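One structure below.
The values are calculated or read from the model by the stated rules, or taken from the named source; none is laboratory data. Remember, it's a predicted structure, so these values are computed and weren't measured experimentally. Please note: Cβ atoms are built from the backbone with ideal geometry, for glycine as well, and neighbour counts cover all protein chains shown.
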Amino acid sequence: MEPTAAAGSCRRRRRGPGAPLPDDLAIAPGAPLPLGASETSDGYNIAVVSRHATRLSVVLFDPQGAVLRTIPLDPVLHRTGDVWHLRIAGALQGCAYALRAEGPWAPEEGHRFDPRALLLDPYATALTGRPRPGEARCLLADRRFDWEGDAPPRHAWRDTVIYETHVRGFTLHPSSGVLHAGRFLGVAEMIPYLQALGVTAVELMPVQEAPELTPAGPAGGPPRPDYWGYDPVALFAPRIAYASAGPGAAVNEFRTMVRALHRAGIEVILDVVFNHTAEGGESGPTFSFRGLDNAIYYLLRPDGGYADYTGCRNTLNCNHPVVRSLLVDCLRHWVTEMHVDGFRFDLAAVLGRGEDGRLLANPPLLEQIAEDPVLRGTKLIAEAWDMAGAFELGRFPGDRWAEWNARYRDDVRRFWRGDPGMTGAFATRLCGSEDLYGGHGAGPLRSINFVTCHDGPTLNDLVSYARPHNEANGEAAAPPLEAWGENNGHEGPAADPGTEAVRARQVRNMLATLMLSRGVPMLLGGDEFRRTQQGNTNAWCQDNTISWYDWAEARRHADLIRFVRGLAGFRRAHPVLSAERFYTADEIAWFGPEGGPPDWGGAENLLGCRIAEGGAAPGALCLLFNASRSRSVTFRLPSPPAGAWRIAIDTAAAPPDDVTDPGAEPQAGDSLRLPPRSLLVLVSR
């Protein structure tokens, strides 16, 4: 957004840093609420929390970045409790501000005040440039936007299909062909593709403002690109790097993207990072929180150092009342001002830790987020663990939290890899993970099912590499991981048709399993056309073709995209697969190849089930799984409820016979032979 006429008048009145304020700008004590910069009838009110600061100053900048004036706040006139505040009357839109905080430098007591540091307001909703210590400014932006009657799609969980993607990587590759490559508006240009795929929600990796570079690379090496964005510094502000140009553009271009997605019936879920910030440890940079009130914002050790439950050298003090209010206000902002539909909380177990770092029995922040009246209509997804050993899967409080189901990921991978004894665990995941979500009135829709996500390998790489290849990150070669895939005979790309056929079948097996499972399916963006990261399982710093989506691969693997579209359509056509409750014994019957009970602990992972669909015209589904590495297996089919069984999905069949249009399914006999590593889905109407 270009500076407004009012901002231009501010530009014309520019003064030197020591000059008095322009005649038509007046300072008043202001009000302690709302926090941040808010427009008043004649200017702006700025309110900032700092309990331990002895003095706070506001530094005003014109649109070109020149200092207009530093305004010290009188603690008698400009402080209410722990809130420092002032009102500036005048034409200031397009101008910017930063803060200076004076107070004790006593790291052993948790205080790290430095009056030389220019600080961001934690409530800043837009910045003037990419955040660098001492350089970023909080924009006094015009918040008006024509939403044109925008309304959230409000899809029920049972109807939700999530597509996890990265704003920049989604369209930055030249092959994307979009006009706004790597931007919020580029995501909007991909709406027809997302609609055709059957997606109902995009889950965007962090869009909160973060530094372009990390302060230091692995093992003290040089700074690396912060491509993923999991090191935020301004929680209310969308990332400038994802907008076209000009101060404030990120805010309205983000809104434009959301508005367009909503018109297409697609919800927007943000991956938010509330567990740590980019300020790092003792030697890290100071952007905001450390300089405003380090002792309040971070969990500290008794010696004043930073407690690290995140693997990122600091941990936000999430259940301190001040921080808790900040985080809830932040979520409210993204919902009310930016029309976001839901949130995925990175390392969400941290949000349940108290000020001593221990996990709380009834975490007030988690309860407040779940029960907040403004947030009641939003989707809440927890990554239910952290980097200090907390693993709260299935135990998030209340009935509002869905969870990334890591057990689903691991058990489905191991079943299809052919690990012995996985049949029982696989069946549990297929049915919605009742072992995790069967108590306290919960149901299968608490489970966000996924086989791959941004953490770890892509689906193509899961079946093409036996170990991580993260050398480009500066990481040493890593050994195979327990929950890792396999290379199917050759590490990396393979020219052998036999190897490629097995890989293609395994990709289809896991995609089909995802769409057949009760719970909420989440697809990693690009898995539908076998996007590769060349074996890299932690591409956080790879702002290059390792991470960018190569849309030439989408054209190459168009048959796989068609397969995924067919799976999404099949799921919609058979609501029994996405029901809000767990299966009863009358609805699902399990069998082995001979028709008797399955060998739940068997070495080859062979399984069949018959699912009654119910309804006015009762039908049934029959699912057959052969995860044996090398043996074809014949399954004796149960009796269909009416007519005959017809083959709807066959991962061993060549496209287009791998998924068949409704009404065109070929008829099956009394038994079917499944090649190794394949599944079949039959329908009877």
Does the stretch 458-474 contain any residue that is in contact (Cβ under 8 Å) with a residue 24 or more places away in the chain, under 22 Å from F563 (Cα atoms) and in contact with a Leu (Cβ under 9 Å, 6 or more places away or on another chain)?
yes
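Got a number for residues in the stretch 293-308 being of a type outside the set (D, E) and either out of contact with any strand residue (DSSP E or B) (no Cβ under 8 Å at 6 or more places or on another chain) or more than 24 Å from P223 (Cβ to Cβ) (or both)? Don't jump to the end; show me each part of the working.
Restricting attention to the stretch 293-308, the residues satisfying the condition of being of a type outside the set (D, E) are 294-302, 304-307.
Now drop any that are not either out of contact with any strand residue (DSSP E or B) (no Cβ under 8 Å at 6 or more places or on another chain) or more than 24 Å from P223 (Cβ to Cβ) (or both), which leaves 295-296, 299-302, 304-305, 307.
So the count comes out to 9.
Please state which one of L60, L56, L77, L68 is touching a residue at least 24 places away in the same chain (Cβ under 8 Å) and not in a strand (DSSP E or B). Please lay out each step first, then the result.
Details: L60 fails: not in a strand (DSSP E or B); L56 fails: not in a strand (DSSP E or B); L68 fails: not in a strand (DSSP E or B).
Going through L60, L56, L77, L68 in turn, the sole match is L77.
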Index of the failed condition, D159 passing every other in (1) charged (D, E, K, R); (2) surrounded by fewer than 19 Cβ atoms within 10 Å (Cβ to Cβ); (3) touching a Pro at 6+ places or on another chain (Cβ under 8 Å):
(3)
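Give the stretch 651-679 a look and list any residue that's in a strand (DSSP E or B) and either in contact with a helix residue (DSSP H, G or I) (Cβ under 9 Å, 6 or more places away or on another chain) or among the hydrophobic types (A, V, I, L, M, F, W, C) (or both), or say none. If you could, list the steps in order and put the result at the bottom.
Our first condition is that a residue be in a strand (DSSP E or B); within the stretch 651-679, this holds for 659, 667, 671-674, 678-679.
Of everything in the stretch 651-679, those that are in a strand (DSSP E or B) and either in contact with a helix residue (DSSP H, G or I) (Cβ under 9 Å, 6 or more places away or on another chain) or among the hydrophobic types (A, V, I, L, M, F, W, C) (or both) turn out to be V659, L672, L674, S678, L679.
In the stretch 533-576, which residue that is acidic (D, E) and not in a helix (DSSP H, G or I) is nearest to the chain's Cα centre (by Cα)?
At the first step, the residues of the stretch 533-576 found to be acidic (D, E) are 543, 550, 553, 559.
Still in the list and also not in a helix (DSSP H, G or I): 543, 550.
Working: D543: 18, D550: 21 Å.
So the residue we want is D543.
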Does the stretch 383-403 contain at least one residue that is of a type outside the set (S, T, Y), at pLDDT 95 or above, in a helix (DSSP H, G or I) and under 18 Å from the mean Cα position of the chain (by Cα)?
no
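Here are some residues: D308, D341. Which one is under 22 Å from F113 (Cα atoms) and at pLDDT 95 or above? Write out each step before concluding.
Numbers: D341 fails: under 22 Å from F113 (Cα atoms).
Among D308, D341, only D308 is under 22 Å from F113 (Cα atoms) and at pLDDT 95 or above.
Name the residue, out of R503, R531, R518, that is buried (at least 22 other Cβ atoms within 10 Å of the Cβ), within 18 Å of T171 (Cβ to Cβ) and at pLDDT 95 or above. Quick ask: steps written out before the conclusion?
On the way: R503 fails: within 18 Å of T171 (Cβ to Cβ); R518 fails: within 18 Å of T171 (Cβ to Cβ).
On inspection, the qualifying residue turns out to be R531.
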Could you tell me whether the stretch 99-112 includes any residue that is aliphatic (A, V, I, L, M), outside any strand (DSSP E or B) and out of contact with any Ser or Thr (no Cβ under 6 Å at 6 or more places or on another chain)?
no
Any chance N294 is in the same structural domain as A384 (by TED's automatic domain parsing), in contact with a Phe, Trp or Tyr (Cβ under 9 Å, 6 or more places away or on another chain) and more than 25 Å from I381 (Cβ to Cβ):
no
Quick one: which residue in L351, L299, L331, L327 is in contact with a helix residue (DSSP H, G or I) (Cβ under 8 Å, 6 or more places away or on another chain), more than 26 Å from R137 (Cβ to Cβ) and not assigned by TED's automatic domain parsing to the domain that holds G36?
L351
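Out of P104, P122, I need the residue that is crowded, with 23+ Cβ neighbours inside 10 Å and either more than 21 Å from R55 (Cβ to Cβ) or not aromatic (F, W, Y) (or both). Which one?
Matching residue, one of P104, P122: P122.
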Is it the case that the stretch 239-262 has a residue that's under 28 Å from S57 (Cβ atoms), buried (at least 22 other Cβ atoms within 10 Å of the Cβ) and under 16 Å from the mean Cα position of the chain (by Cα)?
yes
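Can you tell me which residue in the stretch 373-395 is surrounded by the most Cβ atoms within 10 Å (Cβ to Cβ), limited to those that are in contact (Cβ under 8 Å) with a residue 40 or more places away in the chain and more than 21 Å from L445 (Cα to Cα)?
Filtering the stretch 373-395 down to residues in contact (Cβ under 8 Å) with a residue 40 or more places away in the chain leaves 374-375, 377-379, 381, 386-388, 390-394.
Keeping just the survivors that are more than 21 Å from L445 (Cα to Cα) gives 374, 386-388, 390.
Details: V374: 13, D386: 24, M387: 16, A388: 17, A390: 17.
If we take residues in the stretch 373-395 being in contact (Cβ under 8 Å) with a residue 40 or more places away in the chain and more than 21 Å from L445 (Cα to Cα), then D386 is surrounded by the most Cβ atoms within 10 Å (Cβ to Cβ).
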Reported set for the stretch 163-172 where residues are of a type outside the set (K, R) and more than 10 Å from the chain's Cα centre (by Cα) is V167, G169, F170, T171, L172
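Starting from residues that are out of contact with any helix residue (DSSP H, G or I) (no Cβ under 7 Å at 6 or more places or on another chain) and in contact (Cβ under 8 Å) with a residue 60 or more places away in the chain, keep the ones in the stretch 622-636 and report whichever is surrounded by the fewest Cβ atoms within 10 Å (Cβ to Cβ). Explain how you work it out, then say what you get.
Looking only at the stretch 622-636, we keep the residues that are out of contact with any helix residue (DSSP H, G or I) (no Cβ under 7 Å at 6 or more places or on another chain), and these are 622, 624-626, 628-636.
Subset that is in contact (Cβ under 8 Å) with a residue 60 or more places away in the chain: 622, 625, 628-629.
On the way: C622: 25, F625: 30, S628: 19, R629: 13.
Within the stretch 622-636, the match that is surrounded by the fewest Cβ atoms within 10 Å (Cβ to Cβ) is R629.
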Among the residues of the stretch 163-199, what is the count of those that are buried (at least 24 other Cβ atoms within 10 Å of the Cβ) and in contact with a Ser or Thr (Cβ under 8 Å, 6 or more places away or on another chain)?
6
